[in-house]
Amino acid sequence: MQDIRPDKSINIKGLVCPYTFVKSKLAIEEMAVGEVLEILLDYPEATRSIPKSMEDHGHRVLKVEKINDTDWIILVRKERE
Amino acid sequence: MDFTDEQIHRYSRHIILPEVGGKGQKKILNAKVLLVGAGGLGCPVGYYLAAAGVGTIGIVDSDTIELSNLQRQIAHNTERIGMNKAESAKLTFEALNTDVKVIPIKERLNKDNIMDIISQYDIVVDGSDNFPTRYLVNDACVLQGKPLVSGAILRFEGQVTTIIPKEGHCYRCLFEEPPPPGLVPSCQEAGVLGALPGVVGALQAMEVLKLILEQGEPLKNTLLIYNALQTEFRRVKIPRNPDCPVCGDNPTITELQDYEADYCQMRF
Ligand SMILES: [Zn+2]
């Protein structure tokens with residue numbers, strides 16, 4: 001897990017739902033199947049809702065990690081168009 | 001094209017739908033839809049399509065707003081009595097959504113202008129109030145292979161159907177010829193409760209958006225009938241008629257004819 005290299009990173013700190021997911025979804029739509037998106041965020045609610053919505057859309061959540069007092073990183077692999 | 005922050009907010013409830021997403025929203029923004037009529041049906045259809053972000057909306061209407069229209073034609077208002085309906089709809093829809101360009105066409109459709117007009121759009125919506133126009137629009141759309149979302153209302157009943165030429169039925173598969181003027185309801189009989197065109201128009205707008213998004217099943221080969229008093233929806237199967245004079249296997253209508261007849265001029 002430590003050596004997953006994201007193909008694209010977005011910083012959505014400061015955004016709240018549903019824009020956290022809207023931005024993440026728009027980013028992953030632009031990527032190719034198999035690529036990994038890294039999402040940096042600080043809205044706690046979205047650390048649960050983004051992984052759930054990404055899985056509902058058929059993608060694979062690889063990691064949800066708190067990296068400091070305020071921020072999280074989510075890694076999602078695009079599984080389908 | 002990337003979305004602006006404003007667009008991300010405006011369309012966020014579309015974008016989060018798996019069936020739409022950013023890609024679907026871009027299809028909506030790039031779509032060109034022609035509304036025939038800015039009356040009872042055209043107003044709600046146009047309202048929802050403008051809100052959804054349909055980038056180009058053409059509106060054909062040569063009529064001016066009358067006080068008696070305002071009980072159901074929700075894109076217009078009291079101050080605009082006397083204004084052309086297509087112009088009024090343009091003001092309303094462009095104020096709702098700055099992404100939308102409305103092209104008012106202040107003409108009556110006829111066999112000489114319709115082909116040119118509809119050729120510039122992806123989908124046609126019929127909200128017209130008379131049979132000659134209904135048949136003219138049907139025949140022109142079949143001849144050009146243009147999808148047509150048709151709606152009709154009378155008193156407490158509404159009808160919606162989606163015509164995909166050659167794939168499904170057309171209006172003439174159902175009724176080969178317009179009814180003779182004597183069988184059409186007279187002015188005194190042609191009342192309508194104002195919310196009815198809202199229901200039917202919203203269904204038409206939904207059909208248009210499904211076609212743009214290529215999602216779900218369009219109402220092809222199907223007539224949806226809404227009975228408002230009973231709150232009942234009925235689906236009637238309408239198979240394509242191989243002997244249909246315009247979309248059949250050996251069509252007899254291969255160019256547009258004259259459609260005018262002496263109907264009551266009551267406007268829906
Ligand atoms: Zn037909």
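Where a number appears in this text, it was derived from the coordinates with a stated rule and is not lab data. These numbers were taken from a predicted model, which means no experiment stands behind them. For neighbour counting, all protein chains shown are included, and Cβ atoms are generated from backbone atoms with ideal geometry for every residue, glycine included.
Brief remarks follow.
- Cα gyration tensor, the range B:76-119 - rounded (a/c under 1.5), prolate or oblate: oblate
- Placing pseudo-labels 7 Å out from each Cα toward the beta carbon at A:GLU45 and B:GLU94 gives an inter-label distance of 3.8 nm.
- Within the range A:8-77, all pairs of alpha-carbon atoms sorted by distance into 10 Å bins from zero give the percentages 22, 62, 15, 0.
- The charge dipole of the protein assembly as shown, taken about its Cα centre with unit charges on the Cβ of Lys, Arg, Asp and Glu (plus for the first two, minus for the last two), comes to roughly 660 debye.
- Spin-label proximity, B:GLN257 to the range B:111-125 - amide N less than 16 Å from point 7 Å beyond Cα toward beta carbon: B:111-112
- Cross-link pairs beyond the 24 Å C-alpha cut-off, checked among B:LYS85/B:LYS237; B:LYS32/B:LYS210; B:LYS101/B:LYS220; B:LYS111/B:LYS166: B:LYS85/B:LYS237; B:LYS101/B:LYS220
- Across chain B, Cα pairs under 8 Å and at least six residues apart give a relative contact order of 20 percent.
- Bridge type composition, the protein assembly as shown - antiparallel percent by DSSP, nearest 5: 55
- Of the residues B:THR56, B:ILE253, B:LEU67, the one whose Cα sits farthest toward the positive end of the charge dipole of chain B, with +1 on the Cβ of Lys and Arg and -1 on the Cβ of Asp and Glu, is B:THR56.
- Fully extended contour minus Cα-Cα distance, from A:ARG80 to A:ARG60, at 0.36 nm per residue: 6.2 nm
- Nearest-20 debye value, chain B charge dipole, Cβ charges on Lys, Arg, Asp, Glu: 640
- Its residue count N fixes a reference of 2.2 N^0.38 Å for the protein assembly as shown, and the Cα radius of gyration divided by that reference is 1.17.
- Highest-first packing order for the peptide set B:137-148, B:246-257 is B:137-148, B:246-257, based on the mean count of other beta carbon atoms within 10 Å.
- Quotient of the Cα radius of gyration of chain B and 2.2 N^0.38 Å, N being its number of residues: 0.97.
- Placing unit charges on each Cβ (+1 for Lys and Arg, -1 for Asp and Glu) gives chain B a dipole about its Cα centre, and among B:TYR226, B:ALA140, B:LEU17 the Cα reaching farthest toward its positive end belongs to B:LEU17.
- The relative contact order of the range A:8-77 comes to 35 percent, based on Cα pairs under 8 Å that sit 6 or more residues apart.
- Available extension along the chain between B:ARG108 and B:SER62 is 16.0 nm, counting 0.36 nm per residue and deducting the alpha carbon span.
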